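Inspection log for the structure reproduced underneath, given as structure tokens.
The values are calculated or read from the model by the stated rules, or taken from the named source; none is laboratory data. From a predicted model like this one, the values you see are computed outputs, not experimental measurements. Here Cβ is always computed from backbone atoms with ideal geometry, including for glycine, and neighbour counts include all displayed protein chains. Just the protein is used for accessible areas: all its heavy atoms, side chains included, with ligands, DNA and RNA removed. Shrake-Rupley method; radii C 1.70, N 1.55, O 1.52, S 1.80 Å.
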Amino acid sequence: MRKVFNTELLSIAQRDKRIFMILADIGYGEIEPFAQAFPDRYFNCGVAEQAMTGIACGVAMEGNIAITYSIANFPTLRCLEQIRNDVCYHNANVKIVIIGGGMAYGPLGISHHSTEDLAIMRALPNLVVVAPCDFAEAQAAVHAMIAHEGPVYYRCGYKKEPPVHDGPIDFRFGKALTVRDGRDATIIFTGTIGYNCKLAAEQLAADGVQCRLISLHTVKPIDKDAILRSARETGAIITVEEHNAMGGMGGAVAEVLMDAGGLGIRTRRLTLPDVNVCKVGSQDWLREQYGLGVRHIVQAVKDTLASSPAM
Amino acid sequence: MPKPRTNTPVAYRDLAKAIRCHCLQMTHRGKSGHVGSMLSMADLLAVLYASVLKVDPADPKWPERDRFILSKGHGGAAVYAVLAERGFFPKDWLNTYYLDNGKLSGHISHHVPGVEFSTGSLGHGLPVAVGMALAARQAGKKHRVFCLLSDGDCNEGSTWEAIAFAAQHHFDNLTVIVDYNRVQALGKMEDVIEMEPFARKLEDFRWAVQEIDGHDYVQIETALNQVPFVSGKPSWLLARTIKGKGVSWMENTVASHYGAVNDEQLAKALKELEVAQ
């Protein structure tokens, strides 16, 4: 997915002279075409994420679009205050791009896992939070990100994530996409865990449970209509995200449901547990270990449907 | 580069005095802190806004304006004062500083006409100023970027990240001014983080450095009209100042960072500033 991101950005930057890349010494093998094509719009700040973000903000304040880009937590947590005070408060046209959302960097360990980002980023005013699930969304999200006036957080995948959508998509920030329809329950996911959700929905369909599958690629602003409509039409909502249990996409969906009065439906959140991920292994293996495998999703849907909606 | 502009020491002194009086009155009315930090940089602001900065009070967003970022956002009242004196907004706004439904917040805010950027947490101003200098150079624009730092700002790692980057890219359209009063929030600099030899540190970081008396109008004006000190290098003006300058019992004290003057102290302080003329 990072290749898709960089290729698409390069192509947009050919036409849009406002685009700058402000980096912190990360991007080997991916960012060179941009650096070679636009040496006057490419700046490596060295391993200095706070300066990267502040400098990007200054560049953006002068009428440009500044992209910051690095691994997982580096361009977010290290420089969170710069994102909050400088970028978001000034509504600066800075796009914060992380490579390796969730546990994409697998065996590299917790420093390289971005598993609290959705909660933290979505708490910041003015910031759009987007997590594409496959190449089609990733490509469309680059265009949406550049077209949007203001800060965006873009949670990119890392490798050759398989497709979730079968056909063309009408991608717009804040508008969830329906991957497949169903009336028995709704699975809402964000990001590349969507592929496991797709496999789970197919397996459930074979077992006679027709799930609606929704990609909530934009965690903020959230598509309240899609959530409430699915709640009313299917009576059960199961959220799935590669993120800590606290405050992520499932939390955002819960806020929407609670603000709507709860609706008396059956609900469940599937997340990582609230622990430090210390096991060593690939992303797929870690997903299995921490409860986000296909079988976990299938079981969660079945358990939810077997549960009582009322407390 | 814009043609150097000059003013008379008397004009600078009058403006600095007005800034100091406003700051004492604003913090007194708002019962807020940081007045020592405001008094410390009043002379620097007077010269900047009376002659150095190319700005237009009638058009605060004029694209060709020089950019000025106050990184020590806690001293924002002093910038509000000088902006009001220059006519960016009505002086009566100053009476609302720090108050309910006030127009002016305790830390400097870009919602106020003439304020380029909001700060309040230290270490934020310089990276943004560097980004603005980068954008100006890339676009071939002639305006300059000035950033005023405190001692505390120079403790922050992000400031040093930006220092290294600015030198690497030879941003000579960028000038840093340090309000070098050597007093920070919990003590004297020598007891917290000693920066000396400060000028040499910046020279080692490949900046062009000048060190002046930050209360001497001629020295301030002369230095600021010489930027860039060296072509191809960012300029660092180390302005030695006195925290609480102009109010005898506040000078060089940590306490002047906190609390506001009471009615009696306000009258006494304003009298001291008057007598100093």
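Residue under question is B:E116, and the condition is that it be touching a Phe, Trp or Tyr at 6+ places or on another chain (Cβ under 7 Å) and modelled with pLDDT of 95 or more; does it hold? Considered against the rule, which asks whether it is touching a Phe, Trp or Tyr at 6+ places or on another chain (Cβ under 7 Å) and modelled with pLDDT of 95 or more, B:E116 comes out as yes.
Hey, can you tell me all the residues within region B:137-158 that are touching a residue at least 40 places away in the same chain (Cβ under 8 Å) and open to solvent by less than 40 Å² (accessible area, probe 1.4 Å)?
B:H143, B:R144, B:V145, B:F146, B:C147, B:L148, B:L149, B:S150, B:D151, B:G152, B:D153, B:C154, listed by residue number.
If you go through region A:42-64 one residue at a time, do you hit one that is part of a helix (DSSP H, G or I), over 24 Å from B:S118 (Cα atoms), facing chain B (nearest Cβ under 8 Å) and at pLDDT 95 or above? No, there is no match, as no residue in region A:42-64 is part of a helix (DSSP H, G or I), over 24 Å from B:S118 (Cα atoms), facing chain B (nearest Cβ under 8 Å) and at pLDDT 95 or above. Test A:L270 against the stated conditions and say whether it is within 19 Å of the chain's Cα centre (by Cα), crowded, with 18+ Cβ neighbours inside 10 Å and not small (G, A, S). In short, yes. Annotation for region A:25-35: no member residue is closer than 23 Å to B:R144 by Cα and open to solvent by 10 Å² or more (accessible area, probe 1.4 Å). Answer with yes or no whether A:A72 is buried (at least 22 other Cβ atoms within 10 Å of the Cβ), within 14 Å of chain B (Cβ to nearest Cβ) and either in contact with a Phe, Trp or Tyr (Cβ under 9 Å, 6 or more places away or on another chain) or aromatic (F, W, Y) (or both). In short, no. On the stretch given as region B:117-152, residues that are part of a loop (DSSP other than H, G, I, E, B) and more than 8 Å from chain A (Cβ to nearest Cβ) total 7. The set of residues in region A:204-213 being out of contact with any Asp or Glu (no Cβ under 6 Å at 6 or more places or on another chain) and open to solvent by 10 Å² or more (accessible area, probe 1.4 Å) consists of A:A205, A:A206, A:D207, A:G208.
Inside region B:85-113, can you point out the residues that are in a helix (DSSP H, G or I) and either out of contact with any Phe, Trp or Tyr (no Cβ under 7 Å at 6 or more places or on another chain) or of a type in the set (D, E) (or both)?
B:E85, B:K91, B:D92, B:W93, B:N95, B:T96
Restricting attention to region A:170-183 and to residues that are open to solvent by 40 Å² or more (accessible area, probe 1.4 Å) and assigned to a strand (DSSP E or B), the residue that is nearest to A:I65 (Cα to Cα) turns out to be A:R172.
Here B:R20 clears all of (1) in a helix (DSSP H, G or I); (2) open to solvent by 50 Å² or more (accessible area, probe 1.4 Å); (3) in contact (Cβ under 8 Å) with a residue 60 or more places away in the chain except the condition numbered (2). Kindly indicate whether A:G251 is part of a loop (DSSP other than H, G, I, E, B), within 23 Å of A:A226 (Cβ to Cβ) and either in contact with a helix residue (DSSP H, G or I) (Cβ under 8 Å, 6 or more places away or on another chain) or modelled with pLDDT of 95 or more (or both). Here the answer is no, as A:G251 does not meet what is asked. Scanning region A:25-39 finds one or more residues that are within 14 Å of chain B (Cβ to nearest Cβ), closer than 27 Å to B:E64 by Cβ, at pLDDT 95 or above and over 19 Å from the mean Cα position of the chain (by Cα).
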